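J.: Just dropping this structure here.
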Amino acid sequence: MDGEMNESFMDWLSRSIIGISSVSWDLEDLTQALAKVGCSKVRTISNCKFILTYQTSDQKDDELKN
C-alpha cells in the first residue's frame with residue numbers, strides 16, 4: 001500500500017487505549033472519574049466500550065500497569 005503516514009493520527013493512537021467495562025457507564029461520569037487519573041479524553045464506542053486518550057504515551061503505559 002502506498003501513501004503517507006499521518007503523524008498526528010499516529011501520535012493520538014500511541015496515547016489511546018480501548019477500555020471495556022462489565023457495566024454500562026454514563027459518558028460524563030466516566031470522563032470525570034478518569035480525568036482524576038490523567039485521562040484527557042473519553043470517546044464512546046458503545047455503552048460498555050470506550051476510547052481513552054492520555055496526554056502522553058508514557059502516562060497511558062503507566063495506567064495500563066495499574
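J.: In segment 12-41, which residues are aliphatic (A, V, I, L, M) and either surrounded by fewer than 17 Cβ atoms within 10 Å (Cβ to Cβ) or closer than 12 Å to residue 54 by Cα (or both)?
T.: 13, 17, 18, 20, 23, 27, 33, 34, 35, 37
J.: Can you name every residue in segment 1-39 that is touching a residue at least 12 places away in the same chain (Cβ under 8 Å) and hydrophobic (A, V, I, L, M, F, W, C)?
T.: Correct list: 12, 17, 18, 20, 23, 25, 27, 30, 34, 37, 39.
J.: Restricting attention to segment 57-64, does a residue exist that is among the acidic types (Asp, Glu) and either loosely packed, with under 12 Cβ neighbours inside 10 Å or part of a loop (DSSP other than H, G, I, E, B) (or both)?
T.: Yes, segment 57-64 contains a residue that is among the acidic types (Asp, Glu) and either loosely packed, with under 12 Cβ neighbours inside 10 Å or part of a loop (DSSP other than H, G, I, E, B) (or both).
J.: Right, here's the next one. Yes or no: residue 45 part of a strand (DSSP E or B), touching a Phe, Trp or Tyr at 6+ places or on another chain (Cβ under 9 Å) and of a type outside the set (Asp, Glu)?
T.: Spelling it out, it is not the case that residue 45 is part of a strand (DSSP E or B), touching a Phe, Trp or Tyr at 6+ places or on another chain (Cβ under 9 Å) and of a type outside the set (Asp, Glu).
J.: Ok, one more. How many residues does segment 1-33 hold that are touching a strand residue (DSSP E or B) at 6+ places or on another chain (Cβ under 6 Å) and outside any strand (DSSP E or B)?
T.: Within segment 1-33, residues that are touching a strand residue (DSSP E or B) at 6+ places or on another chain (Cβ under 6 Å) and outside any strand (DSSP E or B) number 4.
All of the numbers you see were taken from the coordinates with simple rules; none came from a lab. Note that the structure is predicted; figures quoted are calculated from it, not measured. Every residue, glycine among them, receives a Cβ derived from its backbone with ideal geometry; neighbour counts consider all protein chains shown.
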